[in-house]
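Enquirer: Below is a structure I'd like to ask you about.
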Amino acid sequence: MMQASKYVMEHSTLRRTLSGKPSASTVQFRNLKYASIPARYKESIPNDDLQAGTEGVVDATQFGPSCPQLRGAQAWDLTLTGNVDLPCESGQGPTEKMDEFECLHLNVTVPKAIPNAEPRGRGGLPVFVWVHGGGLSMGSNSWPQYDLRRFVERSIQIGQPIIAVSVNYRLNIFGFLASEEIGGGGNLGYKDQVLAFRWIKKHIAGFGGDPSNVTAAGESAGAISLSTLLCADVGNEALFQRVVIMSGEATLRKSRNRLWHQKMYEDQSTYLKLESNDLESRKRALLDTDAEELAQKLPLAQHFAAKVDGQWLKRDVTLATLMDSRTPEHKPYWCQEFVIGDTAHDGLVLKARVLDHPEVLTRLKKACKTHLSPSETHQLLAAYNLLESQSKEEESDGLRALVSELRFYLPVLAAYNGWKACSPPKRTSRYHFHVPNPIDGPAKGFASHELDVAYLFQNYNDHFDENNREIARVMTDHFVKFVNGKGWVEEGKLVVFGRDGVVEVDEKEYDRVYRDGRGSVLEKIDAQKLWNLAEMWQGVRPEENEDLDSSGESKL
């Protein structure tokens, strides 16, 4: 029973008394450890034993530690939205804790009004699970931009209460580095997430939730994660019933083979200022250096990706995989409903990597020449007004639109069409975010990457005027109703989040009205060619054939 004065819950399946952090209408139970890590680069192990304090109560009022990452990552992430700060309490911002072996935990936010904490099964509240972004290099469920308290509070206000869970997982070299030299098989961060979903299914009823009614959502690397889980061998038991993939999918950080991952591993010598041929020093540094000290020596972000290991991830995931309705990858039978979308200017997240390069247009044309025919190049560049000399502003507009739509919009169309063509049909929907950023900063005026999260969770409301707060409310309401099983949108339509809030738009009209028909141009050109072009333009290391050595000679 939850006691209003102490906010204490007797949890039946965990067999523990939990003390949570209250707000006006919710209680947040933090740092609930769902798995333990036996050693660096080793797979995590499920955990059901929460450690109680001296009085026999588990103190779940404090944020748990993040996976070690570069200090200041949380403040940098805020700059994607604008020149803002968010209020921080202990364990957030400058006082964020990091711990390699204690970072696998959940925060569970529940309405205070749940009458008891006994398992309620299918009578329980719908469950929303958030997987944070950060390029697989940074992020935490403690970051204030990902706080789910206001999201749950809004669900209570509109009479459709939910329970919300935010997941932590291993990041950067601790979650995704793969090399035989250190005994790292890769995919550890993704496998952590699987254990988190298993823990939720096992224990969420004790918080008043329905384990058979789980909606997962993630943005950027969180979306890449969930999209990848849809492709992996996670067993026959459903991780979630519904999923919302926001601004990213599996091919944005495409799965890679052993040789590619070995090159990523070897890159660490450069970052650690070691001789590339000093294999033992690299191994010792990566195995024995204190985790937080190690993280401070490495870049803010690297291009981490899944590893095709033939077991957990059996084969490469490409846009063709997403589009093929006949393959079970990305369309597993256990996921019942699929929503995917983007923001109009998602490509701003690649500003430093692509758009600010002094030879950005030259590099684009070189990639076009490498991967497209002359007629395809003409079609593509004409659609983005990049054929002839333009003013600097017009050129920037075209390049921004192109990188956004190659990396985010085209994959949305591919994944959506793959799900929609399944037989028997699956419930499949789309959304697109077109709200111009009202916050001062480099992204002001654009529907920028991660801005949708700022509206969805309402953690930036103090930086919004009343009109933008209303947009945030109706966007939150739409998600909450979806979590409550109300569906996303009627067939043949999609949702646009824009200046007017939530607008339903005819699916066939959207591209013409909102994107000047550019999506149809992209779909006429081979999707894999365009993906290859985007990778080259972005400067991502190409993948070598496993059957060839670095010189191209056969290894057989």
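The values are calculated or read from the model by the stated rules, or taken from the named source; none is laboratory data. Everything numeric in this text was worked out from a predicted model, so none of it was measured. All Cβ positions, glycine included, derive from the backbone under ideal geometry; neighbour counts span all protein chains shown. Quick note on the areas: whole protein, heavy atoms, side chains included, nothing else; ligands and nucleic acids left out. Shrake-Rupley method; radii C 1.70, N 1.55, O 1.52, S 1.80 Å.
Enquirer: With respect to ARG282, determine if the residue is open to solvent by less than 60 Å² (accessible area, probe 1.4 Å), at pLDDT 95 or above and closer than 22 Å to ASN545 by Cα. So that I can check it myself, show each step before the final result.
Expert: Numbers: open to solvent by less than 60 Å² (accessible area, probe 1.4 Å): yes; at pLDDT 95 or above: yes; closer than 22 Å to ASN545 by Cα: no.
It is false that ARG282 is open to solvent by less than 60 Å² (accessible area, probe 1.4 Å), at pLDDT 95 or above and closer than 22 Å to ASN545 by Cα.
Enquirer: When segment 293-302 is examined, which residues are found to be open to solvent by 20 Å² or more (accessible area, probe 1.4 Å) and assigned to a loop (DSSP other than H, G, I, E, B)? Walk me through it before giving the result.
Expert: Pass one, segment 293-302, residues open to solvent by 20 Å² or more (accessible area, probe 1.4 Å): 293, 296-297, 299-301.
If the condition is that a residue be open to solvent by 20 Å² or more (accessible area, probe 1.4 Å) and assigned to a loop (DSSP other than H, G, I, E, B), then LYS297, PRO299, LEU300, ALA301 are the ones that fit.
Enquirer: Out of (1) closer than 29 Å to ASP342 by Cα; (2) part of a helix (DSSP H, G or I); (3) out of contact with any Leu (no Cβ under 7 Å at 6 or more places or on another chain), what's the single condition that is false for ILE224?
Expert: All conditions are met except number (3).
Enquirer: Checking the conditions here, which among ASP316, ASP267, ASP290 is among the acidic types (Asp, Glu), surrounded by fewer than 20 Cβ atoms within 10 Å (Cβ to Cβ) and in contact (Cβ under 8 Å) with a residue 40 or more places away in the chain? Quick ask: steps written out before the conclusion?
Expert: Numbers: ASP267 fails: in contact (Cβ under 8 Å) with a residue 40 or more places away in the chain; ASP290 fails: in contact (Cβ under 8 Å) with a residue 40 or more places away in the chain.
Testing whether each residue is among the acidic types (Asp, Glu), surrounded by fewer than 20 Cβ atoms within 10 Å (Cβ to Cβ) and in contact (Cβ under 8 Å) with a residue 40 or more places away in the chain leaves just ASP316.
Enquirer: Let me ask something else about it. I need the helices (runs of 4 or more DSSP H) fully contained in segment 447-554, keeping only those with at least 1 residues that are of a type in the set (Gly, Ala, Ser), out of contact with any Ser or Thr (no Cβ under 6 Å at 6 or more places or on another chain) and open to solvent by less than 20 Å² (accessible area, probe 1.4 Å). If you could, list the steps in order and put the result at the bottom.
Expert: Working: elements: 451-457, 466-483, 507-515, 518-524, 527-538.
Where helices (runs of 4 or more DSSP H) fall fully within segment 447-554 and carry at least 1 residues being of a type in the set (Gly, Ala, Ser), out of contact with any Ser or Thr (no Cβ under 6 Å at 6 or more places or on another chain) and open to solvent by less than 20 Å² (accessible area, probe 1.4 Å), they are 466-483, 518-524, 527-538.
Enquirer: Out of GLN311, GLN262, I need the residue that is in contact (Cβ under 8 Å) with a residue 40 or more places away in the chain, open to solvent by 10 Å² or more (accessible area, probe 1.4 Å), more than 30 Å from HIS432 (Cα to Cα) and assigned to a helix (DSSP H, G or I). Which one?
Expert: Details: GLN311 fails: assigned to a helix (DSSP H, G or I).
Result of the check over GLN311, GLN262: GLN262.
Enquirer: Same structure, new question: Taking segment 58-93 only, how many residues are open to solvent by 70 Å² or more (accessible area, probe 1.4 Å) and more than 30 Å from ASP440 (Cβ to Cβ)?
Expert: Residues in segment 58-93 being open to solvent by 70 Å² or more (accessible area, probe 1.4 Å) and more than 30 Å from ASP440 (Cβ to Cβ): 2 in total.
Enquirer: Considering only segment 191-208, I want to know if a residue exists there that is assigned to a loop (DSSP other than H, G, I, E, B) and either closer than 22 Å to VAL483 by Cβ or open to solvent by less than 10 Å² (accessible area, probe 1.4 Å) (or both). Steps first, please.
Expert: So in segment 191-208, the residues assigned to a loop (DSSP other than H, G, I, E, B) come out as 208.
Subsequent filtering for residues that are either closer than 22 Å to VAL483 by Cβ or open to solvent by less than 10 Å² (accessible area, probe 1.4 Å) (or both) retains 208.
Within segment 191-208 (the criterion being assigned to a loop (DSSP other than H, G, I, E, B) and either closer than 22 Å to VAL483 by Cβ or open to solvent by less than 10 Å² (accessible area, probe 1.4 Å) (or both)), the answer is yes, since at least one residue qualifies.
Enquirer: Pick from GLU43, GLU55: which is charged (D, E, K, R), open to solvent by 40 Å² or more (accessible area, probe 1.4 Å) and modelled with pLDDT under 95?
Expert: Details: GLU43 fails: modelled with pLDDT under 95.
GLU55 is the lone residue from the list that is charged (D, E, K, R), open to solvent by 40 Å² or more (accessible area, probe 1.4 Å) and modelled with pLDDT under 95.
Enquirer: Could you pull out every one of the helices (runs of 4 or more DSSP H) wholly within segment 357-404 that has 1 or more residues that are of a type in the set (Phe, Trp, Tyr)? Step through it out loud before you land on a result.
Expert: Details: elements: 360-371, 374-383, 392-404.
In segment 357-404, there are no helices (runs of 4 or more DSSP H) which contain 1 or more residues that are of a type in the set (Phe, Trp, Tyr).
Enquirer: Okay, moving on. Filter segment 11-38 down to residues that are part of a loop (DSSP other than H, G, I, E, B) and out of contact with any helix residue (DSSP H, G or I) (no Cβ under 9 Å at 6 or more places or on another chain) and give me whichever is modelled with the highest pLDDT. Break it down into steps so the answer makes sense when it comes.
Expert: First, pick out the residues of segment 11-38 that are part of a loop (DSSP other than H, G, I, E, B): 12-15, 23-25, 34, 37-38.
So of that shortlist, the ones also out of contact with any helix residue (DSSP H, G or I) (no Cβ under 9 Å at 6 or more places or on another chain) come out as 15, 38.
Working: ARG15: 95, PRO38: 98.
That would be PRO38.
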